[in-house]
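In what follows, a structure is listed as structure tokens, so that the remarks can point back to it.
Please treat every number below as a calculation from the coordinates, not as lab data. Everything numeric here is computed off the predicted structure, so don't read it as measured data. So basically every Cβ, Gly included, is an ideal-geometry build from the backbone, and we count neighbours across all protein chains shown.
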Amino acid sequence: MKSEYDVVVIGAGPAGSIAAKTAAKKGLDVLLIEKRQEIGDPVRCAEGVSKIWLRKHIEPDHRWICADLKGSRIFSPDGTMIEMAEEIAGGEVGYVLERKIFDRALAYESAKAGVEVMVKTRALDLIIENGFIKGVKVMHLGETYDISSKIVIAADGVESKVGRWAGIDTSIKPSDIETCAQYLMSGTGIDQNYCYFHIGNEIAPGGYVWIFPKGGDLANVGIGILGSKSGEKHAVDYLNEFIEKNYPNARTLEMDVGGVPVCGSIDKTITNGLMLVGDAARQSDPITGGGIINAMEAGKIAGEVAYNAISKGDVSINALKEYEDRWRAKIGHEIDNSLMVKDIFIKFTDPEINSLAHSLEKVNFSSMSLLDLLYALFKANKKLLWDLRVLFKNVIKYDMDFER
Amino acid sequence: MVTVVVNKFKCGYCGACVSVCPTGALELVETWIDVSEMCTACGICVRICPVGAIEVEK
């Protein structure tokens, strides 16, 4: 570890590793720090990801792919199933990842691009001079060090403090977070080609239960509930009830917990010398909770903008506005649309959700796009879903893809 | 002083509590949650913890 770099990236998840790699490939001197001793562990993710979007950032590798997805099966509270599957031959559209291996592979890519990677190294505070972020105070194995940099990229996850240290309020309201628990289980008996979703206020208030195949007879069985509906019972209690009822004989091999921001895009993700990316910038999708692809998209843009700004010798908020503008153009519209959908759907009662599911019983889906599902729902339930009409105007305008 | 206590035997150190803390009193260090004197014991973290590992200390 040196005392000075062009860029310090805090956090070696997908956002941080892609940002670091991108900046290093442009020729910048980059340090990537990770507070944990193992990159990618513990997992805080259901691990599903869209194939097309993933390929834009890394060539798929069997070492970190557990399952190929052909489609989704969504269950309403009364058990009505909506199946969405790709009809094209061999049309797997998504992967279920092994994040522990995947995250380390991304960090490895950044190391190969010239990034210096340090684990067990935690950011303690920012170094701020004349209103500019000038570096990071870190702790490594109990010793503190001051590291100066021209730009800091904060990819420090849902628990991010870097934004707050720089005066950007990134705190989340209970109604804007999904609180989640998940078990990796053997013996659920699910079809490994499908991901399963169970919706309903009784089983998962303000959220859903997911079952994602992990290869062999394994699956991630998890739940997210809206923070504002948690308290009396917590996410893990709802999950245990669901498993007790549906998979009493399945065996648990791993337990994961986490919080997923569903607040939609925040007002500000930059200041002089600083960019926030990924979950730290609350860029996860408010309806699916997916965050990997958005994190990688934003990380790539941040790496490029770091290079542009440093090349021009201007790392002020004005120069970094390029990052803010570009990530909003690329993923911001979809995040905002998903927020609108989330706000409509969390208000539905279980009988309303059942009636929505029944309205789709005769619809054949030839894709697993969430947008196709919403459009079919809208066509059949215009009165109930009238607020969604804006969405379908935007579809054409922004060419949205919900399958991230 | 009122504050919150984290049951380290239950905690999965996911950091969800840190993100909802309105005063920035919590910090996910490596495998544990640090609670600073800025904690007002508002109880938001108690509510949202996925495993119910946090309690307000009376």
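Observations on the structure shown:
- Relative contact order of chain A, pairs being alpha-carbon contacts under 8 Å that are 6 or more residues apart, as %: 20 percent
- Length-normalised contact order of chain B in % [C-alpha pairs under 8 Å, at least 6 apart]: 46 percent
- Spatial separation of Cα centroids for segment A:1-40 and segment A:126-205, in angstrom: 16 Å
- Theoretical FRET efficiency, 1/(1+(r/R0)^6), r = Cβ-Cβ of A:Met1 and A:Asp169, R0 41 Å, to 0.05: 0.85
- Rounded to the nearest 5, the antiparallel percentage of DSSP beta bridges internal to segment A:1-133 is 65%.
- Evaluating 6.51 cos²θ - 1.76 cosθ + 1.60 at θ = phi - 60° for every residue in segment A:30-36, the Karplus couplings come out as 10, 10, 10, 10, 9, 6, 7 Hz, glycine and proline recorded as x.
- All Cα pairs of chain A, percent lying beyond 39 Å: 18 percent
- Taking the helices alone, chain A has a mean residue ellipticity at 222 nm of -9000 deg cm²/dmol, built from -39,500 (n - 2.57) per DSSP H run of at least 4 residues and averaged over all its residues.
- Charge tally for A:Val30 (other residues, Cβ to Cβ under 9 Å; Lys, Arg +1; Asp, Glu -1): -2.
- A simple rule links phi to the HN-Hα coupling: the Karplus curve 6.51 cos²θ - 1.76 cosθ + 1.60 with θ = phi - 60°, which for segment A:207-222 gives x, 7, 9, 10, 10, 10, x, 10, x, x, 10, 9, 7, 7, 10, x Hz, with x for Gly and Pro.
- Value of [θ]222 nm, deg cm²/dmol, for chain B, DSSP H segments ≥ 4, -39500 (n - 2.57) each, nearest 500: -3500 deg cm²/dmol
- Placed amide H near A:Gly200: partners under 5 Å, 5+ positions off or other chain: A:Gly207
- Top of A:Ala219, A:Ala46, A:Ala166 by mean-square fluctuation, Gaussian network on chain A, Cα under 10 Å: A:Ala166
- Distance in nm between pseudo-label sites at A:Asp125 and B:Asn7 (7 Å out along the Cβ direction from Cα): 3.5 nm
- GNM remark for chain A: springs join alpha carbons under 10 Å apart, and the peak mean-square fluctuation among A:Glu304, A:Glu98, A:Glu254 falls on A:Glu254.
- Sequence-separation-based contact order of segment A:275-391, relative, with Cα cut under 8 Å and 6+ spacing, percent: 22 percent
- Near the amide H of A:Gly290, within less than 5 Å, lie the amide hydrogens of A:Asp285, all on another chain or at least 5 residues away, with H placed in the peptide plane.
- Unpaired Cys in the protein assembly as shown, meaning no second Cys C-beta under 4.7 Å: A:Cys45, A:Cys66, A:Cys180, A:Cys195, A:Cys263, B:Cys11, B:Cys14, B:Cys21, B:Cys39, B:Cys42, B:Cys49.
- Contour excess over end-to-end distance, with Cα ends at A:Ser316 and A:Lys112 and 0.36 nm allotted per residue: 70.5 nm
- By the beta-carbon count within 10 Å of each Cβ, the least crowded to most crowded order of A:Thr144, B:Thr3, A:Thr179, A:Thr271, fewest first, is A:Thr144, B:Thr3, A:Thr271, A:Thr179.
- Table column - 3J(HN,Hα) (Hz), segment A:260-276, Karplus curve with 6.51, -1.76, 1.60, x for Gly and Pro: 10, x, 10, 8, x, 5, 8, 5, 9, 10, 9, 8, 4, x, 9, 10, 9
- Under 5 Å from the amide H of A:Asp29 lie the amide H atoms of A:Asp6, A:Val7, each residue being 5 or more positions distant or on a separate chain, with H modelled from the backbone and absent for Pro and chain starts.
- Positive contributions from Lys and Arg (+1) and negative ones from Asp and Glu (-1), summed over other residues with Cβ under 10 Å from the Cβ of B:Leu26, come out at -2.
- Fraction of beta bridges assigned by DSSP in the protein assembly as shown that are antiparallel (%, nearest 5): 75 percent
- For chain A, complete DSSP H runs whose alpha carbons reach 27 Å or more along their own long axis and whose mean Kyte-Doolittle score is -1.0 or higher are A:292-312.
- Rough spin-label spacing in nm, given labels placed 7 Å along Cα→Cβ, for A:Lys330 and A:Leu384: 3.7 nm
- In a fully extended conformation the segment linking A:Asp61 and A:His140 would gain 25.2 nm over its present Cα-Cα distance, using 0.36 nm per residue.
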